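S.K.: Got a structure here, written out as structure tokens. Questions coming.
The values are calculated or read from the model by the stated rules, or taken from the named source; none is laboratory data. Small disclaimer: the values here were computed from a predicted structure and weren't measured. Here Cβ is always computed from backbone atoms with ideal geometry, including for glycine, and neighbour counts include all displayed protein chains.
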């Protein structure tokens, strides 16, 4: 069940009300095969080429029917996996698995790309993000100037939109697994150029 928490502490869980508050961003739900949902959330699952192929080949078809209903044409799709530190001091890992003509291989996001991603930013490319494991969380600056945090869970999706200033929030605990679709191809580093706003400092209450 998606959840929106405003900076004043008010919480909303109704999707239609959340969409009203976060416009032009949008969220929704989609069907995930129960066996894949269990597989993606199994702590023993390895995030490798086999995992990627299963997601792209067995699960993505249903997701892409939803994209077609939204008249969304994609040029790239990517599995993004955030593996949090097991204990304080451990390194985090952000794995990207792009779908291409070549064999899918896991690659770690470059430090500079990860740092940019964590900076408040606007993402210039139209996109869809589908959650399969863990919790996707983003801080947002709403149209009325206030801030909020949106949380989506397995079986839910989000469209952030290029005009929305946002910043990701990664919790400790279980890995986050998402499948993202983009209206444009990634750059030579397997990432996208973002409009960064390091001068913007989110409030403490919208940073977790």
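S.K.: If you go through segment 115-128 one residue at a time, do you hit one that is loosely packed, with under 13 Cβ neighbours inside 10 Å, modelled with pLDDT under 90, more than 15 Å from the chain's Cα centre (by Cα) and at negative phi?
M.R.: Yes; the residues of segment 115-128 include at least one that is loosely packed, with under 13 Cβ neighbours inside 10 Å, modelled with pLDDT under 90, more than 15 Å from the chain's Cα centre (by Cα) and at negative phi.
S.K.: So, one more: For segment 130-174, enumerate the residues that are buried (at least 18 other Cβ atoms within 10 Å of the Cβ), in contact with a helix residue (DSSP H, G or I) (Cβ under 7 Å, 6 or more places away or on another chain) and outside any strand (DSSP E or B).
M.R.: Across segment 130-174, the qualifying residue is only 154.
S.K.: Picking from 55, 4, which residue would you name as being within 17 Å of residue 144 (Cα to Cα) and crowded, with 18+ Cβ neighbours inside 10 Å?
M.R.: 4
S.K.: If you go through segment 178-197 one residue at a time, do you hit one that is surrounded by 18 or more Cβ atoms within 10 Å (Cβ to Cβ), touching a helix residue (DSSP H, G or I) at 6+ places or on another chain (Cβ under 9 Å) and outside any loop (DSSP other than H, G, I, E, B)?
M.R.: Yes: one or more hits.
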